[in-house]
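Values quoted throughout were computed directly from the atomic coordinates according to the rules given, and no laboratory measurement underlies them. If you're wondering where the values come from, they're calculated on a predicted model, not measured in any experiment. As a convention, Cβ positions derive from the backbone with ideal geometry for all residues, glycine included, and neighbour counts pool all protein chains shown.
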């Protein structure tokens, strides 16, 4: 998910995005469109990331299943209060 103002700051143009995205839960009535950007975490190669770009600013940036978790392996150890992000298939190597 990507709030409207963040998409604008990244140079996206709302009217150029033609793929509607259906949201759920308490934001089901919020208009959203698909947006694909290249993103880079420090120390990693750039990857294509797909977002549901919302017409609202009342949502947080959420990196998720489409497709952040396909590009990166994420290990969360809540009891130890840390998480680790690595390029896919490199954790535990």
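A few points about this structure:
- Entry for Rg/Rh (Cα atoms, Kirkwood Rh) (calculated from the structure that is shown) out of (i) 1.02; (ii) 1.25; (iii) 0.93: (i)
- Highest mean packing comes first when the peptides 49-58, 68-77 are listed by Cβ atoms within 10 Å, giving 49-58, 68-77.
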